[in-house]
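Take a look at the structure set out below.
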Amino acid sequence: MVAIKFDGPRHKQLTESCKKSPLIQWGRLVYSEHNGFPIGFGVGMHGTVPYVLGALRTVMMALPKGTFLDLGSGSGEAATYAAKSKWDAYGIEVSRKAYELSKEKIDIARDKRFIKKIPKIGYGNFFPKGFDFRVDSSGGYAWDGLEEMLLEAKDADPYQEIGLDISHVDLFYHFQVAFKKDILNLFSEQAKSGAMLFFVASLEDECSIPENVDEMQVYKDFYLYEKK
């Protein structure tokens with residue numbers, strides 16, 4: 001695979017186009033209609049959104065099109081862009097509110113003909129059976145509020161809802177809400193050989209890399225991994 005220039009002109013161009021994206025405006029509309037429900041990244045309110053989505057789109061353009069899965073999909077920003085880029089796009093979100101917002105936002109994107117392919121979003125825990133969000137040494141979760149959301153979603157089966165076998169995914173994406181070692185272990189144990197993981201770090205929790213995973217590139221908080 002050709003090295004991806006996260007600081008190159010293509011990333012900058014895509015970041016600028018994300019800043020002007022109608023998805024941002026639709027996200028603000030949905031955000032307002034739900035009384036400012038605090039998922040600012042997912043609806044496009046957070047200032048890092050265009051930069052991160054620009055990086056993700058740079059990765060998607062460098063890879064053969066295939067199946068995309070957003071682990072923790074918020075209100076569907078990344079999955080919608082993946083669909084627009086002609087990937088088979090899926091997302092899984094454990095927050096019921098964010099999941100409902102994603103449905104609304106995708107409906108707007110479809111009705112406005114922003115996308116032709118429709119991403120599928122599932123509600124529940126993106127760790128399949130046998131995995132879970134792990135607590136740290138102090139007994140806490142990676143993010144506040146996760147424990148309550150996981151309890152509410154404990155009977156949901158998002159992979160069945162969207163009809164996806166995790167071993168068929170070509171590109172995983174995770175803007176960090178879980179501990180890095182758990183995401184890497186999930187990728188190591190259940191991704192197919194040749195699959196890629198684009199991981200955006202938001203916590204300082206470095207860990208060892210599984211033997212069957214290659215760290216392809218690191219740029220600031222962006223990590224790109226390949227399953228051997």
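So here's what we get for this one:
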| quantity | calculated |
| --- | --- |
| In segment 144-196, the residues that are part of a helix (DSSP H, G or I), under 20 Å from Leu56 (Cα atoms) and among the aromatic types (Phe, Trp, Tyr) | Phe187 |
| Checking Thr80 against (1) crowded, with 24+ Cβ neighbours inside 10 Å; (2) within 14 Å of Tyr159 (Cβ to Cβ), the condition it does not meet | (2) |
| Tally, over segment 161-174, of residues that are farther than 11 Å from Tyr123 by Cβ and surrounded by fewer than 18 Cβ atoms within 10 Å (Cβ to Cβ) | 4 |
| Index of the failed condition, Ala201 passing every other in (1) crowded, with 18+ Cβ neighbours inside 10 Å; (2) within 14 Å of the chain's Cα centre (by Cα); (3) at pLDDT 90 or above | (1) |
| Pick from segment 79-96, criterion assigned to a helix (DSSP H, G or I) and of a type in the set (Gly, Ala, Ser), ranking: nearest to Gln176 (Cα to Cα) | Ala79 |
| Hits in segment 64-78 - residues which are modelled with pLDDT of 95 or more and either in a strand (DSSP E or B) or farther than 17 Å from Ala195 by Cβ (or both) | Thr67, Phe68, Leu69, Asp70, Leu71 |
| Any hit, segment 83-93, residues being of a type in the set (Lys, Arg) and modelled with pLDDT of 85 or more | yes |
| All positions within segment 167-198 that are aromatic (Phe, Trp, Tyr) and either within 13 Å of the chain's Cα centre (by Cα) or farther than 26 Å from Val49 by Cβ (or both) | Phe172, Tyr173, Phe175, Phe198 |
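The values are calculated or read from the model by the stated rules, or taken from the named source; none is laboratory data. The structure displayed is predicted, hence computed values, not measured ones. Methodologically, a virtual Cβ is constructed for each residue, glycine included, from the backbone with ideal geometry; neighbour enumeration extends over all protein chains shown.
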